[in-house]
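Data block below; observations after.
The values are calculated or read from the model by the stated rules, or taken from the named source; none is laboratory data. These numbers were taken from a predicted model, which means no experiment stands behind them. Every residue, glycine as well, gets a Cβ built from its backbone with ideal geometry; the counts of neighbours run over all protein chains shown.
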Amino acid sequence: MKLISDSILVGFRAGAGLTIAMTQLPSLLGVAGGGHNFFERSWLLLGQLDQTHYLVLLVGVFAIGLLVLGEQLLPGKPVALGVVTLAIVAATILGLPSLGVPTTGKIPPGLPTLAGPALRLRDVEGIVPLAVARVSQPNIAFLGRIPDINHYSDRARHPENEALTGAIAFRPEASLI
């Protein structure tokens with residue numbers, strides 16, 4: 001079943017990609033950034049291009065290059081973990097924070113305290129209708145990203161139960177009905 005056309009999905013993915021890029025580019029360039037939507041972020045970033053911190057840009061481009069090269073040379077290996085490790089070592093040895101390259105700063109030691117979430121009604125009031133709709137509606141493939149339920153069914157042994165088995169894999173609450 002196809003609920004959303006390919007042209008809509010292409011537009012949605014392009015918009016999501018551009019939005020994500022505009023939230024990350026200020027960090028790559030070493031500028032403050034800002035804004036609340038794509039166009040505001042773009043306009044503010046254009047105004048801050050003359051403040052680009054070139055060492056931050058060099059470190060970022062080098063890390064991206066390592067990620068791309070690593071994925072080509074070592075597919076399926078944890079290349080990103082290696083790049084992060086290398087970045088930590090390089091920042092420590094070269095003293096990059098003292099040269100203006102931002103880092104996470106001091107991370108508090110130990111484990112966080114065990115506590116429940118501090119939620120107020122206004123924090124979740126917009127989510128409650130969505131949760132009710134999700135539980136009460138049939139399983140609809142959201143933007144074509146949910147795999148085919150038949151992939152998870154055991155057709156060889158019980159072909160008569162394949163749709164039911166797949167539905168339960170994605171909607172465990174369906175087993176209660």
- Any chance you could count how many residues in segment 109-125 are assigned to a loop (DSSP other than H, G, I, E, B) and within 25 Å of the chain's Cα centre (by Cα)? 7
- Total residues in segment 2-43, condition of a type outside the set (Phe, Trp, Tyr), outside any loop (DSSP other than H, G, I, E, B) and surrounded by 10 or more Cβ atoms within 10 Å (Cβ to Cβ): 24
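Okay, residues lined up against (1) assigned by TED's automatic domain parsing to the domain that holds Ala21; (2) farther than 25 Å from Gly17 by Cα:
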{"residue": "Glu40", "(1), (2)": "yes, no"}
{"residue": "Leu58", "(1), (2)": "no, no"}
{"residue": "Pro75", "(1), (2)": "no, no"}
{"residue": "Val84", "(1), (2)": "no, no"}
{"residue": "Leu94", "(1), (2)": "no, yes"}
- Quick one: Val101 ticks every box in (1) part of a helix (DSSP H, G or I); (2) in contact (Cβ under 8 Å) with a residue 12 or more places away in the chain except a single one, so which number is it? (1)
- Query: Mind checking which residues of segment 44-72 are closer than 21 Å to Gly95 by Cβ and in a helix (DSSP H, G or I)?
  - Reply: Tyr54, Leu55, Val56, Leu57, Leu58, Val59, Gly60, Val61, Phe62, Ala63, Leu66
- Query: Filtering segment 69-106 down to residues that are of a type in the set (Ser, Thr, Tyr) and under 20 Å from Gln24 (Cα atoms), which residue is surrounded by the fewest Cβ atoms within 10 Å (Cβ to Cβ)?
  - Reply: Thr104
